[in-house]
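Participant: Mind having a look at this structure? Questions to follow.
The values are calculated or read from the model by the stated rules, or taken from the named source; none is laboratory data. Note that the coordinates shown come from a computational prediction; the quantities given were computed from them, not determined experimentally. Cβ atoms come from the backbone with ideal geometry, glycine included; neighbour counts cover every protein chain shown.
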Amino acid sequence: MTAGPLAPAYRLDCADPVLALALRTWLDESRLEWPGPFAIHASVVDALPEAADPREAFPQPELLIQAGPPDGTVRIRWMPGLAEAVVHATEPRVSVRFTPGAVADLEAAERGFLLVMLLFVLRRIGWYHVHGAALVDPAGRGWMLVGNSRTGKSTTTALLASRGWAVGTDDIAFLRDQGARVGVHGFRSPIALRQGGRELLGAAGGIDLTRRGKTGYLPEELGGRWAPVVVPEIILFPVVGERTGLAPMAPRAVLSALVQWSLWVLFESVHAQEHLDLLGRLAAQSRCYQATVGPDLFRDPTLLQDLLP
């Protein structure tokens, strides 16, 4: 385990002291050991100008994203007119403009707008995002739980942390070429549980994540530990069901599922092939299963290991 980045690889240029402190805290608390230097220029403006970008906009919750020709930049707007980021076409640098309303709601910005901005910046230095949890079991094997919210991913991650597993992340995973293997670098943030997950786990305390309607727990608060890098050997695609079980998946189905939960592979053809290659290698190095997560797992958290062939 490490306490944080080995060096402040990023350069933050921001004249507003409140915004600068918030951005630096968010970046440092991720505990990512950055793959290379990158730069963020951030400023506060009274209002954003009307967007004059003619490229097709791809809508995401509260965001509009434009990418590709003719200039190759990526423009991310946080609606309605709260903030805008423009990521350089080829270099790992970004210019971000915040309105006062955005500065006042940086907790919301971190989970959406700022995270998406960071995903595109890190693509330019070889890291690629997949929506999944990364863990290490007591035997030292790396696991991933890949999928969207409401699949049991975060609740299962919290349960396993309470049984001494190490956790890299419960949903913000970055893939990186580590030579013979693909590694997963986790963005350190609280494991976010809805009320039902808290009740199943019997968890008390935690961090109130009011805007998300959840409560957050660091792995250490649950009895686990943090793992900055996980090399997956087992990948599960979980769904909630009545009884816990594992079903092996065909290679084509695994790659299709990984692409489904790696949305950003659809953007920027110059990076798409490397992203796809990493997903393919990740699938090849791992045993992959469709997992049903049932209430019996909370009575016997060793079920996942026991069900492995």
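Participant: Report whether or not R225 is charged (D, E, K, R) and in contact with a helix residue (DSSP H, G or I) (Cβ under 8 Å, 6 or more places away or on another chain).
Facilitator: yes
Participant: For G183, work out the one condition from (1) of a type outside the set (A, V, I, L, M, F, W, C); (2) outside any loop (DSSP other than H, G, I, E, B); (3) in contact with a strand residue (DSSP E or B) (Cβ under 9 Å, 6 or more places away or on another chain); (4) more than 28 Å from A284 (Cβ to Cβ) it doesn't fulfil.
Facilitator: (4)
Participant: So, V87, is that one hydrophobic (A, V, I, L, M, F, W, C) and surrounded by 21 or more Cβ atoms within 10 Å (Cβ to Cβ) or not?
Facilitator: yes
Participant: With A192, A203, A247 as the choices, which residue is touching a residue at least 24 places away in the same chain (Cβ under 8 Å), over 28 Å from G126 (Cα atoms), touching a helix residue (DSSP H, G or I) at 6+ places or on another chain (Cβ under 8 Å) and not basic (K, R)?
Facilitator: A203
Every residue, every condition in (1) more than 25 Å from A139 (Cβ to Cβ); (2) of a type in the set (D, E); (3) at pLDDT 90 or above, yes or no:
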| position | (1), (2), (3) |
| --- | --- |
| W264 | yes, no, no |
| A272 | yes, no, yes |
| H275 | yes, no, yes |
| Y289 | no, no, yes |
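Participant: Being outside any loop (DSSP other than H, G, I, E, B), of a type in the set (V, I, T) and touching a residue at least 60 places away in the same chain (Cβ under 8 Å) is the filter here, so list the residues in segment 113-125 that pass it.
Facilitator: Matches in segment 113-125: V121 only.
Participant: Among residues belonging to segment 180-215 that are within 15 Å of the chain's Cα centre (by Cα) and of a type in the set (G, A, S), point out the one that is modelled with the lowest pLDDT.
Facilitator: Checking each candidate, the answer is A192.
Residues are listed down the side, and each one gets a yes or a no for (1) aliphatic (A, V, I, L, M); (2) under 20 Å from V254 (Cα atoms); (3) touching a residue at least 12 places away in the same chain (Cβ under 8 Å):
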| position | (1), (2), (3) |
| --- | --- |
| W127 | no, no, yes |
| V130 | yes, yes, yes |
| D137 | no, no, yes |
| G142 | no, yes, yes |
| A158 | yes, no, yes |
| S162 | no, no, yes |
| A166 | yes, no, yes |
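Participant: Of the conditions (1) free of Cβ contacts under 8 Å to residues at least 40 places away in the same chain; (2) under 22 Å from A57 (Cβ atoms), A104 fails just one. Which one is it?
Facilitator: (2)
Participant: Further, regarding this structure: Please state which of the following conditions T157 fails to meet, knowing it meets all the rest: (1) touching a Ser or Thr at 6+ places or on another chain (Cβ under 7 Å); (2) not in a strand (DSSP E or B); (3) not basic (K, R).
Facilitator: Failed condition: (1).
Participant: Out of the residues in segment 146-164 that are surrounded by 21 or more Cβ atoms within 10 Å (Cβ to Cβ) and among the hydroxyl-bearing types (S, T, Y), which is farthest from R299 (Cα to Cα)?
Facilitator: This residue is S154.
Participant: Then there's this: Report whether or not Q66 is surrounded by 16 or more Cβ atoms within 10 Å (Cβ to Cβ) and of a type in the set (S, T, N, Q). Explain how you work it out, then say what you get.
Facilitator: On the way: surrounded by 16 or more Cβ atoms within 10 Å (Cβ to Cβ): yes; of a type in the set (S, T, N, Q): yes.
The answer is yes for Q66.
Participant: Identify all residues within segment 6-36 that are in a loop (DSSP other than H, G, I, E, B) and over 20 Å from the mean Cα position of the chain (by Cα); write none if there are none.
Facilitator: Listed by number, the residues that qualify are L6, A7, P8, A15, D16.
Participant: Against the definition (under 26 Å from G126 (Cα atoms), of a type in the set (K, R) and surrounded by fewer than 19 Cβ atoms within 10 Å (Cβ to Cβ)), how does R93 come out, yes or no? Walk me through it before giving the result.
Facilitator: Details: under 26 Å from G126 (Cα atoms): yes; of a type in the set (K, R): yes; surrounded by fewer than 19 Cβ atoms within 10 Å (Cβ to Cβ): yes.
It is true that R93 is under 26 Å from G126 (Cα atoms), of a type in the set (K, R) and surrounded by fewer than 19 Cβ atoms within 10 Å (Cβ to Cβ).
Participant: Return the pairs, sorted by first residue and then second, in which the second residue is buried (at least 19 other Cβ atoms within 10 Å of the Cβ), the first residue lies in segment 258-273 and is β-branched (V, I, T), the beta carbons are less than 7 Å apart, and the residues are 6+ apart or on different chains.
Facilitator: V259/V265; V259/L279; V265/H275
Participant: Scanning for something more than 22 Å from P190 (Cα to Cα), among the small types (G, A, S), touching a residue at least 24 places away in the same chain (Cβ under 8 Å) and part of a strand (DSSP E or B), does segment 44-53 turn up at least one residue?
Facilitator: no
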